[in-house]
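Contents: one structure, followed by commentary.
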Amino acid sequence: MNWTWFYKWGSPKWFYSMSGKFLPWLVTASVLLLGIGLIWGLAFAPPDYQQGNSFRIIYIHVPAALLAQSIYIMLAGTGIIGLIWKIKLADVALRQAAPIGAWMTVIALTSGAIWGKPTWGAYWVWDARLTSMLILLFLYLGIIALGQAITNRDSAARGCALLAVVGVVNIPIIKYSVEWWNTLHQPASFSYSHQPAMPTQMWLPLLIAVLGFYCFFGAVLFARMRLELLRRESGSRWADAEIARLLKDRI
Amino acid sequence: MIAFASFTDFLTMGNHGAYVWSAYGLGLALMALNAILPLLEKRRYLDDLSRRRRRERLL
């Protein structure tokens, strides 16, 4: 197997130029997919036979919750790469993805609370799924705070990576919480082994919205990482050339 | 096919309008915030840099 791509993507200069090429496509894809998925879900999908129109919150809630968990798994993955190979780019990715993950968790929790009121009669219950998602938010906030509290860059990278790796134990707890404990929360909407329990007109826009959220995450992550790389690498020839170009474009 | 008989139906969402629209409004507002923050941050970084360079040129 050819591993050169691994080292290439670990180079800040290479990543900066490649991400610049991907960024406009990610932005276009996320605008299109989010637009189609959300409008389809809001206006064209049929109402649920039990929940009526309140079920339409699913098109915000499920993509945000899925993405919040995927970003955490990515944090743990970049944490392991950073701890083993000491790749600086892994730390940049971890630290820049954490705030986006925290915001996605906030969207999942708030949209879930709003959905809970007409469906369960309460905004919040101390149920296994809701509590484990709240713990996910605290893990994100812990990683962000730890990164800001440690001034030494290498120590901060190691601390954040360790916390990300240890905290990943919460992800299977979130996933299986609806099976292990009695819960008000409904089971998973999508699975690898079964057809969705919804008609196509309901799950197809959900799938499109999920893809839109992932593209959105990719675009925001790339934008954040590119700025952070310019900051960290300023002084190197490629970064100073890029900064000079950006400053010249402004005048 | 569109799932609503009229635009008023679409807005009221069968008495669930307040829940659906507030969930979408809050969710999309937070998404917009996530998109705008890195752009503002980049502008601030470049502003700082150009200010510092101008000052150095004057010294």
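The values are calculated or read from the model by the stated rules, or taken from the named source; none is laboratory data. Values in this document were obtained by computation on a predicted structure and should not be read as measured data. For neighbour counting, all protein chains shown are included, and Cβ atoms are generated from backbone atoms with ideal geometry for every residue, glycine included. Protein only, heavy atoms only, side chains kept; ligands, DNA and RNA dropped before computing areas. Shrake-Rupley method; radii C 1.70, N 1.55, O 1.52, S 1.80 Å.
Tabulated data for the structure shown
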quantity: Average Cα contact separation per residue, chain A, under 8 Å, 6 or more apart, as relative contact order %; calculated: 32 percent
quantity: Residue-averaged beta-carbon neighbours from other chains (10 angstrom radius) around A:52-61; calculated: 6
quantity: Probe 1.4 Å - accessible area at A:LYS8, Å² to nearest ten; calculated: 100 Å²
quantity: Exposure of B:THR8 as accessible area (Å², to 10), given a probe of 1.4 Å and all protein chains; calculated: 90 Å²
quantity: B:TYR24, A:TYR123, reordered so the largest accessible area comes first (probe 1.4 Å); calculated: A:TYR123, B:TYR24
quantity: Surface per residue (accessible, 1.4 Å probe) for chain A, Å²; calculated: 51 Å²
quantity: GNM result for chain A, Cα springs below 10 Å: residue of A:SER30, A:SER234, A:SER54 fluctuating most strongly; calculated: A:SER234
quantity: Alpha-carbon centroids, region A:80-135 and region B:19-56: separation in whole Å; calculated: 21 Å
quantity: Span per principal axis, largest first, for the Cα atoms of region A:1-140 (Å); calculated: 54, 34, 26
quantity: Accessible area (Å², 1.4 Å probe, nearest 10) - A:HIS185; calculated: 40 Å²
quantity: Cβ-placed point charges (K, R +1; D, E -1), dipole of the protein assembly as shown about Cα centre in debye, nearest 20; calculated: 1640 debye
quantity: With Cα atoms, 0 to 90° folded angle of helix A:128-149 axis to chain A main axis; calculated: 20 degrees
quantity: Phi-based couplings in Hz for region A:19-26 (Karplus 6.51, -1.76, 1.60; Gly and Pro marked x); calculated: 5, x, 6, 6, 3, x, 5, 5
quantity: Reachable aspartates and glutamates from A:LYS175, criterion Cα separation under 14 angstrom, eight or more residues apart if same chain; calculated: A:ASP127
quantity: Potential lengthening between A:ILE80 and A:ALA43 on full extension [0.36 nm per residue; Cα-Cα distance subtracted]; calculated: 9.0 nm
quantity: Whole-Hz couplings from phi, Karplus 6.51/-1.76/1.60, listed for region A:230-237; x for Gly and Pro; calculated: 4, 4, 6, 9, 4, x, 7, 5
quantity: Per-peptide average of other Cβ atoms within 10 Å, ordering A:205-212, A:235-242, A:81-88 highest first; calculated: A:205-212, A:81-88, A:235-242
